[in-house]
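One structure is given below, encoded as structure tokens.
Just so it is clear, none of the values below were taken in a lab; they were calculated from the coordinates. Owing to the predicted nature of the structure, the values given are computational and were not obtained by experimental measurement. No Cβ is skipped: glycine too gets one built from the backbone with ideal geometry, and neighbour counts run over all protein chains shown.
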Amino acid sequence: MNRVRNLQGPALVLSLLSLLWIIVILGLLALKPSALSVGTITTILQFSTILALVSLGQGMVILAGGAGIDLSVGGTVSLSAVLGMLVLKAGLSPFFLPFVCIGTGTALGAFNGVLVMKLRILPLIATLGTFFVYSGVALSLTGGSAQSGVPDWLLWWGRGVLAGIPVPFLTIAVPAFALAGIVLAWTSWGRWVYAMGFNERSARLVGVPVDRARLILYSLSGTLAGAAALFSLAWLGSGRPNIGQNLELESLTAAMLGGIAIFGGRGGVGGVFAAVMLLVTLKTGLLQLNVNTVWQVGIVGALLIFVLLADRFSQSWR
Amino acid sequence: MRQLKDGIFSLNGRELALLAACTLAIIVFSVASPYFGTPGNAATILRNSVELLLVGLGMTLLLAMGGIDVSVGIVMGLAAICVGRALEANTDPVLTALVGPIIGALLGLVTAAVVVLGRIPAIVGTLGLLGIYRTAIFILLGGQWLSGLPTGLTVLLGTSLLGVPIAAFVIVLAYIAVWVALRRTPFGLHLLAIGNSEEKARLSGIPVAKVRFATFIISGALAGLAATFYVASYRNVEMTIGSTLALDAIAAVVLGGTSILGGKCSLVGTVLGVLLLRILQNGLLLMGVPSLWQPVVTGGLLIGVLSVEVLSARLPMSPLGWARR
Amino acid sequence: MFKKIGRALTVSVFSLIIAGAAGAQEKPKVAFVPQLIGIPYFNAMEAGGNKAAKELGVDFIYSGPVDTNPVDQLQIVQSLIDQGVGAISVSVLDASSIAPVVKAAEAKGIKLFTSDSDAPESGRAVYVAQATDEGLGSTIIDELVKRVGEDAKIGIVSGEATASNLNAWIGFMQKQASAKYPKLQLLEPQYAGGTAQRAAQISTDLMAANPDLKAIIAVASTTCPGVAQAIETAGKTGSVIGTGYCSPNTARSYIKSGAFGFSVLWDPARLGYLTVWAGKQLIDGKKFEAENKVPGFDQAVTYDAQKGILLLGPPAVFTAENVDKFDF
């Protein structure tokens, strides 16, 4: 029973998202054939990297249930990027920059996990608090100014393109999703995540280490945010104190759109990936058609409601 | 039921603690800065709390019901545009004052329709509406802010009645109305029952959909009332209006002791939570702390208060309300 | 059904090809990416750009982010590059992060230049400046000193802490103050983000914390109404002078009420016009002279070849006497 429900929802959402994606592509093709080029694909992938990484973490935290949510992802990205550059300025060898960024992200994520799992503060509130703190500290430490001085070898990685596909997308986003997908689908860890999200009490009864698993997932969300911060440094060439602005709501949108149930236990990383692609393609497509950007937020909002409604009504028909 | 009892206990404790925190903050800031403890500054703090307080009251009801609305700041923005347009058209000030709550209530109705009829979790449904409402603001304003609006509304709300401005009466009335609805009517009982367990509430014959609709509409109307005050005091509607209000309101309300699990809330706590946030923001700026640190203070306070509460009470793990099925 | 769609598709594809071909033959495309859409200042620039497009025979594209988010801005610029627009001007949100798109534009032979807010070391083709950052910073200090004297305390309320052009202006204000008026005391800048409410709150607190405050400068145009309203509400009209980089339409009622002493700004519509003109020059491959004649401009527009700056002219100061002559 459990299994059947796990499969049907995401499968429906995935096909719905793919259909919408094809409609967007066809629409673009019909209205502006010149827009579909290798360059456009590179653009889409390049701009989806940050959102993809952050949404993956967000999605897994929600998937594990317990009212899990991570509103602090944007703040984590900003603070990891800024701290990385500040440490570099303080004289640390640039070689350590990737470790500092990802390490900071992991630590900030683990702090969320401690607040939620050890202190039993509800995730929405705990991460709302850390959202204010992380993003506020990132701004205050720098006074708002961007921190430059990213080493060249990092830029070379961040801006590199291989056969039309941006290197960072190929080297972090794709492996992260593949790994998460494999772990969720084929390991006992993955089954635990679904189990504790689907029914926490029974998961505890059969001996799933719920608290430890969730703590790890919050840290993982931080790790992915740290990786996104590293990519932003390597791509933009500077550490921006507000680079993670709006990411909390955008990643939440992507995760929900990707078929992850807000109550946990249902959904998959494939859906999240499809949702991120759909969102970024839609944005790029609208820009290519020179549609006024004010419509973007509204269209994304309507899309979210539409997909959830479709998912909901397909369930009641069954 | 057990939870309700717990709620009342910890609620009293929280209210007292907040009151103590406010008093302490006032004493510390008064000593630290000669400009803090003046009547003018007190009026400033109260004045700057109005919108957050009104939106917070609505949010208190929503959270108590196990709901949430992240679009409420933008609802205030849309209502403010309508109030501003009414002012520009030289509508009678009394009628203009009503425009805000009416538009707010209508938007609350839309939100309720999506969340309740569509059976979408409130946080996701209102997230979608947030995007749609933002586009609406852009289109309605079209790049031209409403600025330097006529003073009709400002004069009306500032008029003294028995030595107190009408604005104060309106706010107190709004508070009393919400309090009565929550504590002295079946509606309030139903709302808390839904917050405790929607399933049980439904089984015991409570008209769940109706109550949820009503709560969203009340919250919308309060956001609309906040819009009236916003326009009256700033005489200006800009495109970014209300963009940070919803998260601030959630923070203040939770600080006040309302649980996002539902079933437990404190209106006095919300008032104190809003005041404490504003006192800290005002006081720290008076002491020369840069305004960039203000979100850090909000977040730190939120985490600190909740951690202390949990650590001191050593509560056993509570069931997870808004994720309960 | 399918027939209909098919027909619609064919028709639209054909019309697009024709339109595209016609566009390619005659009308070059110039785009402008503001920092933020939906604010009166950039709307005025758009209007000026449209006027120039009509008169100079180019297509003008105006597209910008809905939040002051540099990644969103980059994405818009990138999609314009992918579209193959002839020249793209950007009002840069963050000077340090524009480098990737400058490279991408270069690779496709697209002229990328800045306008309104600069990124000096990015390799942009030219910077269309409303005034020099230095001129803007010092003008507002000079004008203020005329009104409040050299021995005064002045507060600064800015918008986003991350906006590099606003920070540059604040830097030159501080420089001018310390170089020319040693007694003048500029308080640390405070940041209000984008909302008038926060700006009002912060200004009120500043006035409370500093009863001897003589003036408040609203650096971002989004903060102007908040600062002015705070002065009016606090009943300090006359004793605290508000000012800032605000358009006459935004500041008019406050200048008349006395909450604002004056406002410093250029005509954004003319800046928009000049931006499109510069874009066309770049597409046509024409060099900028030291003095350029631009249609519709009475005075020649100067070009600083060393810094690569095309200058609109000195900023205008709006006061109660002249504010009614302007409408933007």
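So here's what we get for this one:
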item: Length-normalised contact order for the range B:76-217 - Cα pairs under 8 Å, 6+ apart - percent; result: 28
item: Hull-based mean projected area of the range B:105-172, where the convex hull spans the alpha carbons, in square nanometres; result: 7.0
item: Cα-only Debye scattering, the range A:104-231: base-10 log of I(q)/I(0) at q = 0.15 Å⁻¹; result: -0.90
item: Between 0 and 90°, nearest 10: helix C:164-180 axis offset from chain C longest Cα axis; result: 40
item: Positive dipole terminus of the protein assembly as shown, leading residue within B:Leu191, A:Thr40, C:Thr243 (C-beta point charges); result: B:Leu191
item: Euclidean distance of C-alpha centroids, the range A:160-229 and the range A:21-52, integer Å; result: 27
item: Calculated FRET efficiency for the pair C:Ala305/C:Glu134, C-beta based, R₀ 22 Å, to 0.05; result: 0.75
item: Relative contact order (%) - criterion: Cα under 8 Å, at least six apart; region: chain B; result: 35
item: Set of lysines near C:Lys175 by C-alpha distance (under 16 Å), chain-local residues within fewer than 8 positions excluded; result: C:Lys153, C:Lys183
item: Computed P(r) (all Cα pairs; the range B:2-313; 10 Å bins; percent); result: 6, 26, 34, 25, 8, 1
item: Mean Kyte hydropathy of 0.5 or more with a Cα span along the axis of at least 30 Å, helices from DSSP in chain A; result: A:2-31, A:38-63, A:210-236, A:294-317
item: C-alpha center-to-center spacing [the range A:67-90, the range C:25-77] in angstrom; result: 32
item: Set A:Lys32/C:Lys286; C:Lys214/C:Lys307; C:Lys54/C:Lys325; C:Lys293/C:Lys325; A:Lys32/C:Lys293 screened for pairs whose C-alpha atoms are more than 29 Å apart; result: A:Lys32/C:Lys286; C:Lys214/C:Lys307; A:Lys32/C:Lys293
item: Kirkwood hydrodynamic radius of the range B:141-274, from inverse mean 1/r over distinct Cα pairs, in Å; result: 17.1
item: Contact order normalised by residue count of chain A, Cα under 8 Å, 6+ apart, percent; result: 36
item: Span per principal axis, largest first, for the Cα atoms of the protein assembly as shown (Å); result: 81, 72, 62
item: Span-rule helices in chain B, defined as complete DSSP H runs reaching 30 Å or more along the axis (Cα) with Kyte mean at least -1.0; result: B:2-32, B:39-64, B:208-234
item: Sites B:Val94 and A:Ile41, calculated FRET efficiency, Cβ-Cβ separation with R0 60 Å, nearest 0.05; result: 0.55
item: Relative pair counts by distance (%), Cα atoms of chain C, 20 Å bins; result: 31, 52, 15, 2
item: The range B:47-111: C-alpha pair distances exceeding 19 Å, %; result: 37
item: Highest-MSF residue in chain A out of A:Ser34, A:Ser48, A:Ser232 [GNM, Cα springs under 10 Å]; result: A:Ser34
item: Listed residues A:Gly259, A:Ile243, A:Val210: farthest to the positive end of the dipole of chain A (Cβ charges); result: A:Val210
item: Values of log10 I(q)/I(0), in the order q = 0.11, 0.14 Å⁻¹, for the range C:20-176 under a Debye, Cα-only, solvent-free model; result: -0.49, -0.74
item: Simple Cβ-charge dipole of chain B, Lys/Arg +1 and Asp/Glu -1, about Cα centre, in debye nearest 20; result: 840
item: Dimensions (Å) - the range A:3-108, Cα atoms, principal axes, largest first; result: 53, 43, 20
item: Test item: C:149-162 mean partner chain Cβ contacts at 10 Å; result: 2
item: Principal-axis tilt of helix C:133-148 within chain C, Cα atoms, nearest 10 degrees; result: 30
item: Relative pair counts by distance (%), Cα atoms of the range A:164-224, 10 Å bins; result: 20, 43, 24, 10, 2
item: Theoretical gain in end-to-end length, B:Leu109 to B:Arg184 [0.36 nm per residue, Cα-Cα removed]; result: 24.6 nm
item: Distant alpha-carbon pairs in chain A (separation over 28 angstrom), percent; result: 40
item: Whole-number D in µm²/s for the range C:133-265 (Stokes-Einstein; Kirkwood sum over Cα pairs; 37 °C, 0.692 mPa s); result: 233
item: Ranked C:Ile241, C:Ile202, criterion: other C-beta atoms within 10 Å, fewest first; result: C:Ile241, C:Ile202
item: 10 Å Cβ neighbours from other chains, averaged over peptide C:185-198; result: 6
item: Charge dipole (debye, nearest 20) of the protein assembly as shown; +1 at Cβ of Lys and Arg, -1 at Cβ of Asp and Glu; result: 2920
item: Spin-label pair A:Leu29/A:Thr171, simplified geometry with 7 Å Cα→Cβ offset, distance in nm; result: 3.4
item: For the range B:72-210, average projected area of the Cα convex hull in nm²; result: 10.5
item: Anisotropy class of the range B:1-154 from Cα gyration tensor, a/c 1.5 cut; result: oblate
item: Calculated P(r) of the range C:212-328 - Cα pairs past 22 Å, %; result: 45
item: Cα lying deepest toward the dipole's positive end in chain B, options B:Ile206, B:Leu130, B:Gly263, charges on Cβ; result: B:Ile206
item: Charge context of C:Ser164, other residues only, Cβ under 11 angstrom, K/R +1, D/E -1; result: -3
